[in-house]
Amino acid sequence: MRKTPVYVSFDYDHDKVLKEFVIGQSKLEDSPFEVIDHSIKETVNGDWVSEAEKRIKRSEVVLVLVGSDSHRAQGVLKEVALARKNEKKIVQVIGYKDADPKAVPNAGRLYRWSWDNMKSILK
């Protein structure tokens, strides 16, 4: 089964654990997606925006993991803009059970994180 290549955007300073959760789900046998890249704090040459754009270009979907501060995290906002620029499908998923965070602007529909939702939106 072909897996959809996904770039994961998240608030690096507050929600790294969410990235680990989605990577874990991508490794399940019935997962329709694979995490090919994810947000980076910085690069060796300091130009993380160019590196993020290269990574986003390799993906088919940009998955935004939404925590309490994601809607104002500058890195997330830049990655969403890069995804729009490169005409990538963007979906956002609420990262924490029972949370009611603000959606990230221009990042598409906001979903609750469930295995059924992940399999449906990332195929």
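Computed quantities for the displayed model
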read-out	value
Strands (runs of 3 or more DSSP E) contained in region 23-123 and holding at least 1 residues surrounded by fewer than 18 Cβ atoms within 10 Å (Cβ to Cβ), within 13 Å of the chain's Cα centre (by Cα) and not polar (S, T, N, Q)	33-38, 89-94, 110-112
Near pairs, Cβ below 9 angstrom, 6+ apart or cross-chain, from region 53-78 (farther than 20 Å from residue 25 by Cα) to any residue that is among the small types (Gly, Ala, Ser) and surrounded by fewer than 19 Cβ atoms within 10 Å (Cβ to Cβ)	68/99; 70/103; 71/103
Residue match in region 25-35 (condition: touching a helix residue (DSSP H, G or I) at 6+ places or on another chain (Cβ under 9 Å) and more than 23 Å from residue 94 (Cα to Cα))	no
Matching entry among 100, 37 (being in contact (Cβ under 8 Å) with a residue 12 or more places away in the chain and of a type outside the set (Gly, Ala, Ser))	37
Test: residue 76 is β-branched (Val, Ile, Thr), in contact with a helix residue (DSSP H, G or I) (Cβ under 6 Å, 6 or more places away or on another chain) and closer than 16 Å to residue 11 by Cβ	yes
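Results for (1) farther than 15 Å from residue 122 by Cα; (2) in contact with a His (Cβ under 9 Å, 6 or more places away or on another chain); (3) among the β-branched types (Val, Ile, Thr); (4) modelled with pLDDT of 95 or more, shown as yes or no for each residue.
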| residue | (1), (2), (3), (4) |
| --- | --- |
| 28 | no, no, no, no |
| 42 | yes, no, no, no |
| 64 | no, no, yes, yes |
| 77 | yes, yes, no, yes |
| 91 | no, no, yes, yes |
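The values are calculated or read from the model by the stated rules, or taken from the named source; none is laboratory data. All figures in this text were calculated on a predicted structure; none of them were measured in a lab. Here Cβ is always computed from backbone atoms with ideal geometry, including for glycine, and neighbour counts include all displayed protein chains.
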